[in-house]
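> Sending over a structure as structure tokens; questions will come in a sec.
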Amino acid sequence: MLALVTYWGFGYVVTPTTFRNPAFVYELYSFAFACVFMFVFYWRIAVHLATVVKIQRSNPPLQGTPAGKPAAPLS
């Protein structure tokens, strides 16, 4: 949503009278937006993967059995 607002509204806020080079400001903003988005994306991926690992470690039946050992019967 923020990208659409930026695309359509950036020209109204950043004009040649407010900034000397609006194209450069747009490039800087796009770069910063991409960096922040990438940071938040990978941070959330790490949090969710840590949650999956925590759930798997807390529930032994979900873990695989070592090779050669029969699985314990479920009751």
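The values are calculated or read from the model by the stated rules, or taken from the named source; none is laboratory data. Bear in mind the structure is a predicted one, so any value in this text is a computation, not a measurement. Note: ideal-geometry Cβ built from the backbone for every residue, glycine included; neighbour counts use all protein chains shown. The accessibility values were calculated without ligands, DNA or RNA, using every heavy atom of the protein model including side chains. Shrake-Rupley method; radii C 1.70, N 1.55, O 1.52, S 1.80 Å.
> For the stretch 1-42, just say rounded, prolate or oblate: build the C-alpha gyration tensor, square-root its eigenvalues into a ≥ b ≥ c, call rounded for a/c under 1.5, and beyond that prolate if a/b exceeds b/c, oblate if not.
In terms of gyration-tensor shape, oblate.
> Report in % the part of the accessible area of the stretch 4-52 that belongs to carbon and sulfur, leaving out ligands and nucleic acids; probe 1.4 Å.
Carbon-and-sulfur percentage of accessible area, whole number: 79.
> What is the distance, in nm, between label points placed 7 Å from the Cα along the Cα-to-Cβ direction at Lys54 and at Val5?
Roughly 3.1 nm, to one decimal.
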